[in-house]
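Worksheet: one structure, shown below.
The values are calculated or read from the model by the stated rules, or taken from the named source; none is laboratory data. All values reported here derive from a predicted model rather than from experimental measurement. In this analysis, Cβ positions are derived from the backbone assuming ideal geometry, glycine residues included, and neighbour counts consider all displayed protein chains. When the accessible area is computed, the model is the full protein with side chains, heavy atoms only, and any ligands, DNA or RNA have been set aside. Shrake-Rupley method; radii C 1.70, N 1.55, O 1.52, S 1.80 Å.
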Amino acid sequence: MTIYLDFDGTVVAHRYPEIGEYNEGCFEVIKKLQQAGHSVILNTSRIDFQNGTIDEALYYLKKNEHQFLHPIEQYTPNKIQPTEWNWDSISLFDVMFIDDISKGIPLKNDEDSSTFQLVNWEQLDKEFEENGLYEFVTN
């Protein structure tokens with residue numbers, strides 16, 4: 001499966017253009033997905049702004065690459081808009097968008113912001129386990 005991973009609101013809290021605080025559980029779940037053979041590609045609006053913030057996001061991931069099975073170095077040239085969080089379409093197309101703006105994705109409150117929510121990695125971990133995403137796949 002190809003997994004498109006958002007950055008702000010997903011990997012870290014929304015603090016654009018700065019890098020927000022780490023969203024607890026993200027690296028652990030991504031590593032499990034990589035261990036199961038899934039590809040993870042960074043898919044963030046930061047790429048669209050041409051202001052260096054994509055480099056900051058990549059640097060953040062690179063300095064934490066020991067947390068992953070494989071470093072996340074590949075990214076989309078322009079952000080692809082995420083689809084609705086729906087297990088039927090995820091299974092059908094073998095593509096997943098982990099993004100805080102995906103309609104229906106599990107979210108949690110950002111304790112430091114009344115404006116934004118964050119992807120709930122604890123809930124996603126449970127859903128991935130229940131739906132067999134951590135079982136090793138061969139391509």
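If you roll a 1.4 angstrom probe over the protein chains with everything in place, what fraction of the accessible area of the chain belongs to carbon and sulfur, to the nearest %?
The value for the chain is 47 percent carbon and sulfur by accessible area.
Which residues does the label zone of Asn86 cover in segment 1-44, counting backbone N under 13 Å from a point 7 Å along Cα→Cβ?
none
Taking all protein chains together and a probe of 1.4 Å, list Asp94, Asp99, Asp112, Asp125 from the most accessible to the least accessible.
The residues order as Asp112, Asp94, Asp125, Asp99, largest area first.
Measuring from label point to label point, each 7 Å out along Cα→Cβ, what is the Tyr22 to Phe49 span in nm?
2.3 nm
Might you work out the accessible area of Lys126 for me, using a 1.4 Å probe with all protein chains in place, and round it to the nearest 10 Å²?
100 Å²
Calculate, axis by axis, the spread of Cα positions in segment 1-110 along the three principal axes, and write the results as whole Å, longest axis first.
Principal extents (Cα only, largest first): 36, 29, 27 Å.
Could you give the accessible area per residue of the chain, probe 1.4 Å, as a whole number in Å²?
55 Å²
Using θ = phi - 60° and the Karplus curve 6.51 cos²θ - 1.76 cosθ + 1.60, what whole-Hz ³J(HN,Hα) does each residue of segment 84-100 get, with Gly and Pro shown as x?
Values, residue by residue: 5, 6, 8, 5, 5, 6, 4, 5, 5, 9, 6, 9, 9, 10, 9, 8, 5 Hz.
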